[in-house]
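**Q** So that we are looking at the same thing, I have put the structure below in structure tokens.
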Amino acid sequence: MNTQAHNFIAVEQWQGKAFLGDWSATCGGVTDVNNPATCAVLGSVGIGNATDIAEAAQQARLAQPAWAARLPLERAAILNKAADLLERNAEELIGWIMRESGSIQPKAAIEIEHGAGFVRHAAAVALEPNGILLPSMEADRSNTAKRVPHGVVGVISPFNFPLVLSIRAIAAALAVGNAVVHKPDPRTAVSGGIIIARIFEDAGLPSGVLQVVPGGADAGEAMCADPNIAMISFTGSAAGGSKVGEVAGRHLKKVQLELGGKNSLIVLDDADLDIAASNAAWGSFLHQGQICMSTGLVLVQKSIAEGLANRIAEKARHLPAGDPSTGRVALGPIISDAQVAKIQSIVDDAVAAGSRLLAGGGHDGRYYQATVLADVKPGMLAFGEEIFGPVACLVSFETDDEAVELANRLDYGLAAGVISGSLARARAVGERLNVGQLHINDQTVNGGPFAPFGGRGRSGNGSRIGGPAIWEEFTQWVWTSEKPQATPYPF
Ligand code: NAD
């Protein structure tokens with residue numbers, strides 16, 4: 001990656017402001033941007049309230065028709081330039097993602113790499129055909145259908161992969177001619193918002209087409225009710241998504257819900273134990289387990305359960321947690337004290353209910369230890385709840401059928417992985433799992449611009465984001481019929 005360190009994200013440019021066509025103060029006040037590892041204040045951003053959202057949505061609606069009318073090649077060129085800016089400023093931007101979201105360097109680097117990939121893929125989609133010729137029921141009558149943008153798309157994103165989860169929706173919406181009002185989580189307003197506003201500002205996106213307004217649930221709910229916003233693209237918790245679906249549904253908006261996960265990694269008895277342990281540790285502990293695709297359950301066949309558990313525990317004991325900016329650590333801080341308390345309560349519940357704690361189980365402030373729980377069983381919170389912390393939960397099973405049955409008991413259905421020495425056996429198990437993403441001989445954390453990403457059950461509402469789903473989600477059909485001239489009807 002061609003990187004250069006300079007002042008692309010100059011604090012004085014956005015201090016106390018949001019991006020409302022240009023950098024402006026908001027009516028909703030300001031909030032500090034904090035480093036969750038040190039609690040240091042990194043800056044402050046403008047916070048949007050309902051008035052700011054209404055203004056942003058109106059401006060976006062006014063700007064959208066001219067953006068949709070731009071040639072696809074022009075839209076693609078602007079998107080590609082934005083991707084260039086992400087890559088060219090990678091070193092500086094990775095630093096921001098690390099400081100603001102508690103990410104270790106490799107995870108922050110993945111955000112830039114994948115972020116640029118999402119934008120470039122969206123640019124390519126802008127150049128795809130967007131219509132079809134339909135059969136006609138009458139001579140001399142032509143029937144066509146084309147995909148048109150919804151208008152203004154409201155994007156709401158979470159803190160954990162702030163850049164990728166924001167830009168994957170923003171780039172897709174812009175590519176096919178929508179304007180965007182984007183509300184990043186205020187805890188990651190820079191990584192999930194300011195960076196994106198800056199790259200599109202410098203890439204030459206016309207003013208007004210992208211509005212970036214950091215804010216809380218109140219601002220998000222205002223987006224769901226705003227008459228100028230036609231679609232909501234939400235990534236976040238099932239609880240938040242359910243509320244968003246309710247409000248947006250009341251206002252008859254299209255809603256895309258990309259929600260939480262409790263993802264099974266199934267390890268069959270013919271798997272290589274060292275490789276399986278490494279997959280389970282990566283899937284469970286990467287970014288402190290704060291990923292929707294994190295491995296939430298390690299389902300392991302009984303004959304190899306003890307061997308796998310010991311290997312994962314050994315790894316967990318040697319994964320250092322600390323401030324990612326100060327050195328080479330494997331785990332950074334958990335995003336908030338409230339989230340640390342939630343993780344602890346789920347671990348305590350499991351231990352009280354008979355689960356064996358093989359590693360970790362506690363925390364030093366925001367640093368939660370890599371934790372391994374064996375003998376997790378249905379009925380424990382650790383079995384069914386999304387923990388969003390670095391906890392590997394091991395469940396043992398006897399037969400392949402039982403593994404499928406246990407995995408399909410979960411309310412969530414985002415991702416799953418199956419590891420086996422036999423591809424055919426892994427596939428046979430995997431194909432029976434109720435998930436939106438299946439990884440054979442890999443753990444559960446996988447993503448990228450070309451896949452239609454999404455989940456079943458409590459993980460979403462059947463929508464997908466990325467890859468072939470861009471046209472499906474961010475545009476709608478218009479059917480047009482044409483006759484050479486008007487003809488009379490019977491009356
Ligand atoms: P959250 O639902 O609390 O917040 C996510 C975003 O929604 C934030 O911007 C928040 O301000 C906003 N929000 C919250 N309540 C809202 C409401 N009632 N109306 C409108 N907006 C509202 O989620 P979180 O706990 O901060 O984030 C972690 C969750 O996100 C986890 O459950 C995780 O699995 C999920 N997630 C899902 C995906 C995916 O692609 N499926 C990706 C990453 C994270």
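**Q** To the nearest 10 degrees, how steeply does helix 90-101 sit against the main Cα axis of the chain, on a 0 to 90 scale?
**A** 60
**Q** Moving on. Taking 1 over the mean of 1/r across every pair of different Cα atoms in the chain, what Kirkwood radius in Å do you get?
**A** Computed over the chain, the radius equals 23.4 Å.
**Q** With a sphere of radius 11 Å drawn around the Cβ of Arg356, what net charge do the other residues whose Cβ falls strictly inside it have (Lys, Arg +1; Asp, Glu -1)?
**A** It works out to a net charge of -2.
**Q** Compute the separation of the alpha-carbon centres of the stretch 455-491 and the stretch 188-231 and state it in Å as a whole number.
**A** With the stretch 455-491 and the stretch 188-231 each reduced to a Cα centre, they are spaced 25 Å.
**Q** State the Cα centre-to-centre distance between the stretch 326-400 and the stretch 123-148 in whole Å.
**A** Taking the Cα centre of the stretch 123-148 as reference, the centre of the stretch 326-400 is 52 Å away.
**Q** Using the alpha-carbon atoms, what tilt in degrees (0 to 90, nearest 10) does helix 50-69 show relative to the longest principal axis of the chain?
**A** 60
**Q** Go through His150, His251 and list them by solvent-accessible area, largest first, probe radius 1.4 Å.
**A** So, going from the largest accessible area down, we get His251, His150.
**Q** Taking the Cα atoms only, what angle lies between the long axis of helix 273-285 and the longest principal axis of the chain, rounded to 10 degrees?
**A** Roughly 60 degrees, rounded to the nearest 10.
**Q** Which peptide among 62-72, 228-238 comes first, and what is the full order, when sorted by highest mean count of other Cβ atoms within 10 Å?
**A** 228-238, 62-72
**Q** Please list, short to long, the whole-number percent of alpha-carbon pairs of the stretch 358-433 in consecutive 5 angstrom bins beginning at zero.
**A** 3, 13, 21, 23, 17, 13, 6, 3, 1, 0
**Q** Assign unit charges at the C-beta atoms only (+1 for Lys and Arg, -1 for Asp and Glu), then state the dipole size of the stretch 263-440 relative to its Cα centre in Debye, rounded to the nearest 20.
**A** My answer is approximately 340 debye.
**Q** Another question, then. If you roll a 1.4 angstrom probe over the protein chains with everything in place, what fraction of the accessible area of the chain belongs to carbon and sulfur, to the nearest %?
**A** Accessible surface attributable to carbon and sulfur in the chain totals 54 percent.
**Q** What Kirkwood radius, in Å to one decimal, follows from the Cα pairs of the stretch 263-440?
**A** This gives a value of 15.9 Å.
**Q** Just to be sure I understand the curve: with the Debye formula and one point per C-alpha of the stretch 89-221, what is log10 I(q)/I(0) at q = 0.13, 0.16 Å⁻¹?
**A** Summing over Cα pairs of the stretch 89-221 leads to -0.58, -0.79.
**Q** Hey, how much of the P(r) for the stretch 144-245 falls beyond 20 Å, as a percent of Cα pairs?
**A** 33
**Q** While we're looking at this one, here's another question. Got a sec? Charge dipole of the chain, +1 on Cβ for Lys and Arg, -1 for Asp and Glu; which of Gln369, Gln105, Ala60 is way out at the positive end?
**A** In the chain, that residue is Ala60.
**Q** Next question, about the same structure. Using a simple charge model, +1 on the beta-carbon of Lys and Arg, -1 on the beta-carbon of Asp and Glu, nothing else, what dipole does the chain show about its Cα centre, in debye to the nearest 20?
**A** Dipole about the Cα centre, nearest 20: 680 debye.
**Q** To continue, here is another question. Using a 1.4 angstrom probe on the protein heavy atoms only, could you order Lys81, Lys254 from most to least accessible area?
**A** Ranked list, largest accessible area first: Lys81, Lys254.
**Q** Leaving out ligands and nucleic acids, note down the accessible area per residue over the chain with a 1.4 angstrom probe, in whole Å².
**A** 39
The values are calculated or read from the model by the stated rules, or taken from the named source; none is laboratory data. Just so we're clear, the structure is a prediction, and the values are computed from it rather than from any experiment. Cβ: placed from backbone, ideal geometry, glycine included. Neighbour counts: every protein chain shown. To get the accessible areas, we keep the full protein, side chains included, count just its heavy atoms, and leave off ligands, DNA and RNA. Shrake-Rupley method; radii C 1.70, N 1.55, O 1.52, S 1.80 Å.
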